[in-house]
1. Give the calculated FRET efficiency between ASN33 and ASN86 to the nearest 0.05, with a Förster radius of 30 Å applied to their Cβ-Cβ distance.
2. For ILE209 and TYR26, calculate 0.36 nm times their separation in residues minus their Cα-Cα distance, and state this gained length in nm to one decimal.
3. Which shape class applies to region 185-232: rounded if a/c is under 1.5, otherwise prolate when a/b exceeds b/c and oblate if not, where a ≥ b ≥ c are the square roots of the Cα gyration tensor eigenvalues?
4. Starting with the fewest neighbours, write out ARG10, ARG69, ARG160 ranked by other beta-carbon atoms found within 10 Å of each beta-carbon.
5. What are the ³J(HN,Hα) values, in whole Hz, obtained from phi via the Karplus relation 6.51 cos²θ - 1.76 cosθ + 1.60 with θ = phi - 60°, for each residue of region 132-143 in sequence order, with x given for Gly and Pro?
6. Say we join alpha carbon atoms closer than 10 Å with springs in a Gaussian network model of the chain; which of ALA214, ALA59, ALA150 then has the biggest fluctuation?
7. Output the pairs from LYS82/LYS130; LYS22/LYS116; LYS82/LYS126; LYS140/LYS175; LYS167/LYS189 with a Cα-Cα distance over 25 Å in this structure; if there are none, say none.
8. Once the piece of chain linking LYS57 and LYS139 is laid out straight, how much longer is it, given 0.36 nm per residue of separation minus the C-alpha distance between them?
Amino acid sequence: MGKRIIQQARGKGSFTYRVRKKAYRYKVSYPKNLEGEGKVIKLLNSSAHSYPLAKIKYAKGLFYIPACRGMIEGQTINFEGKEIKNGNITFLKNLPVKTLVYNIESRPFDGGKFIKSGGNSAVVNKTVGKDIFVLMPSKKEKKFNPNCRAIIGEIAGAGRLEKPFIKAGKKYHLKKSKNKLWPRTSAVKMNAIDHPFGSGRGKRIKSKIAKRNAPPGARVGLLRPKRTGHKR
């Protein structure tokens, strides 16, 4: 007897495919009204993130940000762009060209959306009119509003991918803590009863495009693709 395919099992939301709520108890974001300066009162480990967190205390309360490389407890952080120093939070318009930044806002005051994985950073590349262009880790330029905020420096946690896992169990528990599906099984390696792409007879699949109104068990492969094939 066949069983539900993984897409169906994950969609149901059972505890097998659900992350622990405790893992995401820290909300990583900037408050809307930041002025003056704050202080790093604690550096924390979070199993849900690939970097350590910094707990910041300021005049109106507490908030959490990704820690920058070299950050220490007791460090003072400025929010007004008066000093170009690692860990300070400021608007992109206040930063000179070639400054390393991370945790950049997509729109002003949304709390930070870009460059949020351990060891990463972007570079303020140029200013054209009112637009700020930032060179992302992918080596592509992205245009930002000058009123978007970012943290100066490089995000902590570099080198996490250099050490091999050695044992499958360690990787399993790491992925489970972040609610990532692992190990992944290729669909064509399954039995025909367990997946639409399954069985040994049809290894060369003619079409991976699912019908738009297909039910969850058949809605696999390329879903509503704009284009298919090799991009030349």
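1. Working: r = 23 Å, r/R0 = 0.78.
Plugging the Cβ-Cβ distance into 1/(1 + (r/R0)^6) gives 0.80.
2. On the way: separation 183, 0.36 × 183 = 65.88 nm, distance 3.89 nm.
Contour length minus Cα-Cα distance gives 62.0 nm.
3. Numbers: a/c = 2.62, a/b = 1.32, b/c = 1.99.
Since a/c reaches 1.5 but b/c is at least a/b, the shape of region 185-232 is classed as oblate.
4. On the way: ARG10 15, ARG69 18, ARG160 11.
Ascending number of Cβ neighbours within 10 Å: ARG160, ARG10, ARG69.
5. Along region 132-143, the couplings run 10, 9, 10, 8, 7, x, 7, 6, 10, 7, 10, 8 Hz.
6. Fluctuation is largest for ALA214.
7. On the way: LYS82/LYS130 20 Å; LYS22/LYS116 20 Å; LYS82/LYS126 20 Å; LYS140/LYS175 29 Å; LYS167/LYS189 23 Å.
In this structure, LYS140/LYS175 exceed 25 Å between Cα atoms.
8. Working: separation 82, 0.36 × 82 = 29.52 nm, distance 3.45 nm.
Stretched out fully, the LYS57 to LYS139 stretch lengthens by 26.1 nm.
No value in this document is a laboratory result; all are computed from the given coordinates. Just so it is clear, the structure is predicted and the values come from calculations on it, not from any experiment. Note that each Cβ is placed from the backbone with ideal geometry, even for glycine, and that neighbours are counted across all protein chains shown.
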